[in-house]
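The values are calculated or read from the model by the stated rules, or taken from the named source; none is laboratory data. This one's a predicted model, so the numbers in the text were calculated from it and none came from an experiment. Don't worry about glycine lacking a Cβ; one is built from the backbone with ideal geometry, like all the others, and counts go over all protein chains shown. To get the accessible areas, we keep the full protein, side chains included, count just its heavy atoms, and leave off ligands, DNA and RNA. Shrake-Rupley method; radii C 1.70, N 1.55, O 1.52, S 1.80 Å.
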Amino acid sequence: MSADTLSAPPRAVRFRGALLPLALFALLAVVPFVAGALGQPFYVSLFTRIMIFAVAALALDLVLGYGGMVSLGHAAYMGVGAYAIGILSFHGVDSGWLQWPLGIGAAALAALVIGALSLRTRGVYFIMITLAFAQMLYYTANALSTYGGDDGMTLWGRSSFSGLVKLSDARTFYWIVFAVLALSYLGLRRVVASKFGRVLRGCKENERRMAAIGYNTALYKLAAFVLSGALAGLSGVLLANHTEFVSPAYMSWVRSGDLIVMVVIGGLGTLHGPIAGAVLVLVLEEVLSKLTQHWWLIFGPLIVLTVWRAKGGVVRLFGGRA
Amino acid sequence: MTLLLVERLAKSFGAVAATRDLSLDVAEGSIHAVIGPNGAGKTTLVAQLAGELRPDAGHVLFDGRDVTRLPVHRRVRLGLARSFQISNTLLSFSLLENVALAVQARHGHSFRFWADASRDGRINAEALAVLQTVGLADRRDRLASEVSHGERRLLEIAIALATGPKMLLLDEPMAGVGPEEGQRMVEMLRTLRGRVTILLIEHDMDAVFRLADRITVLVYGRAIATGTPDEIRADAAVREAYLGEEDDELVA
Ligand SMILES: Nc1ncnc2c1ncn2[C@@H]1O[C@H](COP(=O)(O)OP(=O)(O)OP(=O)(O)O)[C@@H](O)[C@H]1O
Ligand SMILES: [Mg+2]
């Protein structure tokens, strides 16, 4: 065995590890066709929403599952991305070429500032401070009376891309979100296995050790936080386009909690886990909330059961390490 | 030539003075042992030299540079690395990866987001060479959580070595290892002599007197004596304050 193949797992193991992600993406790929066959366009919209949240859950997993940073404010970055679209649209800027980079950039900037301040703290204090900053953004959005205040505001329409693609078409939009999710997933797979990712995983396990071998751990964690914020911002950009509406509720801490639930239920520190988690949580929410308005009474115990029976998330029930 | 110079270092934890007016110099290429009873302040000294603890007073000069206020990772980059008294490895990483991460840190920044780190042949080869130095090459794919206590002690040193240090601060490398593995450790440290300067904290007197060029005796945070092994053996204050009951062992 040569030195450069030392840690690569055998082909069979890698193949088995790829089965579940493939199945997930296959499921998402057939949705528009099934919805078309059943005459249920609603499913296209539901799964668009699911994939948008899956992108945000992936973003959260980078800091939570790989970096060990429990951010309880990730909905805020989604919200910043969404509001960037809303505000630009309000002022008549509907070009996606401008809107999208600005939305992502604004979320990254928010994550940079919040991350730089929060990462000075540890453990439960970190959770509290990320929550506090998210709440500040939430109340700021509430106070933006020009942009609808606590009612939120309806957009003029979806982003335009010089007539290249029409986002207003539900199916086209579905495939764009699908592509964003797939690229985020594949990109993050590279990132977590890269030198950067290895340092990040090391920091999660033992930050003191990482400093003792020469890493400026705070800098690497901050970089992950900003990357994560940017990706969450992109998911917010998609969400604003999907609903053609933005409101402070996008940033509520309940949303942030939902994202954590998706990541933890699906499988912390695996990348297909958060996608599975988003599907599971939002489908269950959809189904259960039709049955009863007290759907959390059913959903709560389900979470407890999953976390208890399937430590490490549902995707680990299917075997394979990650 | 002096590589590490410690000047009038002091550190207290509330009422406990863990380091008192401590001065020390370690010559380049030498093995300098620091001995002292439990709670004498040895680990506290290492923590201040490594940069984890900020001293209340005094200076640390390394390689001609005042590093007293530098953070841990900057000191490591200058060539000052430590091992931990209680093994402190990445338990869910393989031995090779534990060492590879240290090699990776030496190779410059890690803002590389795309290529698979585990397939970096150059880093893996260097990491493997270091594992060979400590005799762990055949365990390279084991997780750090899976290997024996003694092997983890060796891994501690391999990780520190892989940072490419000018100087190693070893905090009781033989803590809790059996006589055979202790022997292995002494042999390994002997091979490092001259290549790396070592500050060795150790309770095993046998090992200390065999390895050290100079010894400093620490009692209640104060250096009560510094000298060659022979001088320390003969030092009356040392015998009285610390070595009393171990007299026989020392003379033997
Ligand atoms: N973080 C801390 N807070 C308070 N007191 C501390 C702290 N660290 C060490 N001490 C105290 O400082 C003194 C020196 O401790 P230190 O761990 O440096 O001793 P040591 O020589 O390494 O002992 P041992 O041989 O047991 O490893 C002890 O009295 C210890 O209780
Ligand atoms: Mg100690």
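B:Ser148 to A:Ala132: FRET efficiency via 1/(1 + (r/R0)^6), r the Cβ-Cβ distance, R0 35 Å, to the nearest 0.05? List each step's numbers first, then the result.
Working: r = 46 Å, r/R0 = 1.31.
After rounding to 0.05, the efficiency reads 0.15.
Ranked from the most accessible area to the least, with a 1.4 Å probe and all protein chains present, what is the order of A:His242, A:His74, B:His59? The partial results should precede the final answer.
Numbers: A:His242 30, A:His74 0, B:His59 85 Å².
Heavy-atom accessible area, descending, gives B:His59, A:His242, A:His74.
With +1 on each Lys and Arg Cβ and -1 on each Asp and Glu Cβ, how big is the dipole of the protein assembly as shown about its Cα centre, in debye rounded to the nearest 20?
Values: 54 positive and 47 negative charges, 359 e Å.
Dipole about the Cα centre, nearest 20: 1720 debye.
Please get the size of the charge dipole for region A:3-318, origin at its Cα centre, with Cβ charges of +1 on Lys and Arg and -1 on Asp and Glu, quoted in debye to the nearest 20.
Value, rounded to 20: 1260 debye.
For the charge dipole of the protein assembly as shown, defined by +1 on Lys and Arg C-beta atoms and -1 on Asp and Glu C-beta atoms about the Cα centroid, which residue among B:Ile232, B:Leu96, A:Val264 has the Cα displaced farthest towards the positive pole?
Value computed over the given set: A:Val264.
Scan chain A and note any complete DSSP helix (H) whose C-alpha atoms cover at least 20 Å along its axis and whose Kyte-Doolittle average is 0.0 or more.
On the way: long enough: A:11-38 (38 Å, 1.67); A:42-61 (28 Å, 1.77); A:74-90 (24 Å, 1.24); A:96-118 (32 Å, 1.47); A:123-143 (31 Å, 1.18); A:170-193 (35 Å, 1.27); A:217-243 (39 Å, 1.20); A:272-291 (29 Å, 1.33).
Correct list, ordered by number: A:11-38, A:42-61, A:74-90, A:96-118, A:123-143, A:170-193, A:217-243, A:272-291.
Return one quarter of the surface area of the convex hull spanned by the alpha-carbon atoms of region B:1-104, equal to its mean projected area, in nm².
With the hull built on Cα positions only, its mean projection is 7.8 nm².
Kindly count the pairs of lysines across chain A whose alpha carbons are less than 21 Å apart, treating pairs on different chains or eight or more residues apart as eligible.
Numbers: A:Lys195/A:Lys204; A:Lys195/A:Lys221; A:Lys204/A:Lys221; A:Lys204/A:Lys311.
Lysine pairs satisfying the spacing and distance rule in chain A number 4.
Quickly estimate the mean residue ellipticity at 222 nm for the protein assembly as shown, helices only: each DSSP H run with n ≥ 4 gives -39500 (n - 2.57), and the total goes over all residues, rounded to 500. Could you put the intermediate results ahead of the total?
Numbers: 21 runs with 312 residues, N = 574.
Taken over the protein assembly as shown, the calculation gives -18000 deg cm²/dmol.
When only DSSP loop residues count, what trypsin sites (Lys or Arg not before Pro) in region A:116-221 have their Cβ near at most 16 other Cβ atoms within 10 Å?
Working: sites: A:Arg120, A:Arg122, A:Arg158, A:Lys166, A:Arg171, A:Arg189, A:Arg190, A:Lys195, A:Arg198, A:Arg201, A:Lys204, A:Arg208, A:Arg209, A:Lys221; in loops: A:Arg120, A:Arg122, A:Arg158, A:Lys166.
When the trypsin sites (Lys or Arg not before Pro) of region A:116-221 are filtered for loop state and at most 16 Cβ neighbours within 10 Å, A:Arg120, A:Arg122, A:Lys166 remain.
With springs only between Cα atoms under 10 Å apart, run a GNM on chain B and tell me which of B:Ser118, B:Ser23, B:Ser94 wobbles the most.
B:Ser118
Can you tally the net charge around B:Gly227? Count Lys and Arg as +1, Asp and Glu as -1, for every other residue whose Cβ sits under 11 Å from the Cβ of B:Gly227.
Numbers: positive: B:Arg214, B:Arg233; negative: B:Asp213, B:Asp230, B:Glu231, B:Asp235.
Neighbourhood net charge equals -2.
Can you tell me the accessible area per residue over the protein assembly as shown, all protein chains present, probe 1.4 angstrom, in square angstrom? Walk me through the numbers before you get to the answer.
Details: 24600 Å² over 574 residues.
About 43 Å² of surface per residue is accessible.
Quick one: angle between helix B:95-106 and the longest Cα principal axis of chain B, in degrees between 0 and 90, rounded to 10, please.
For helix B:95-106, the angle is close to 80 degrees.
Lys/Arg Cβ at +1, Asp/Glu Cβ at -1, dipole of the protein assembly as shown taken about the Cα centre: which of B:Ala27, B:Ala175, A:His74 is farthest positive-ward?
Towards the positive end, the residue furthest out is A:His74.
Let a ≥ b ≥ c be the square roots of the eigenvalues of the Cα gyration tensor of the protein assembly as shown; is it rounded (a/c under 1.5), or, if not, prolate (a/b larger than b/c) or oblate?
Values: a/c = 2.78, a/b = 2.19, b/c = 1.27.
It comes out prolate by the Cα gyration axes.
How large is the accessible surface of A:Trp97 in square angstrom, using a 1.4 angstrom probe and rounding to the nearest 10?
Approximately 140 Å² for this residue.
Summarise the accessible area of region A:3-318 (1.4 Å probe, protein heavy atoms) by the percent that is carbon and sulfur.
Details: 9330 of 13530 Å².
In region A:3-318, the share of accessible area belonging to carbon and sulfur is 69 percent.
State, in square angstrom and to the nearest 100, the accessible area buried between chains A and B, both chains counted, probe radius 1.4 Å. Walk me through the intermediate numbers first.
On the way: alone 15980 and 12210 Å², together 24600 Å².
In total, chains A and B hide about 3600 Å² from solvent.
Output the antiparallel fraction of DSSP beta bridges having both residues in the protein assembly as shown, as a percent to the nearest 5. Don't skip to the end; give the middle numbers.
Working: 23 of 41 bridges.
Antiparallel: roughly 55 percent of the beta bridges in the protein assembly as shown.
Picking from B:Gln85, A:Ala18, A:Val254, whose Cα lies most toward the positive end of the charge dipole for the protein assembly as shown (charges on Cβ: Lys, Arg +1; Asp, Glu -1)?
Value computed over the given set: A:Ala18.
I want to verify a result. In a Gaussian network model of chain A, Cα cutoff 10 Å, which of these has the top mean-square fluctuation: A:Leu46, A:Leu297, A:Leu227?
Looking only at A:Leu46, A:Leu297, A:Leu227, the largest GNM fluctuation is found for A:Leu297.
Quick one: among A:Asp258, A:Asp150, A:Asp61, which has the greatest mean-square fluctuation in a GNM of chain A with alpha-carbon springs under 10 angstrom?
A:Asp150
With +1 on the Cβ of every Lys and Arg and -1 on the Cβ of every Asp and Glu, and nothing else charged, how large is the dipole of chain B about its Cα centre, in debye rounded to the nearest 20? Display every interim value, and only then the final one.
Details: 30 positive and 35 negative charges, 259 e Å.
In total the dipole reaches around 1240 debye.
Could you give the Stokes-Einstein D for region A:3-318 in µm² per second, using the C-alpha Kirkwood radius, 25 °C, 0.890 mPa s?
Numbers: Rh = 20.1 Å.
Estimated diffusion coefficient is 122 µm²/s.
Using Cα atoms only, what is the angle between the long axis of helix B:149-162 and the major principal axis of chain B, expressed in degrees (0 to 90) to the nearest 10?
80
B:Thr2 to A:Glu205: FRET efficiency via 1/(1 + (r/R0)^6), r the Cβ-Cβ distance, R0 51 Å, to the nearest 0.05?
Working: r = 37 Å, r/R0 = 0.72.
Computed FRET efficiency for B:Thr2 and A:Glu205: 0.90.
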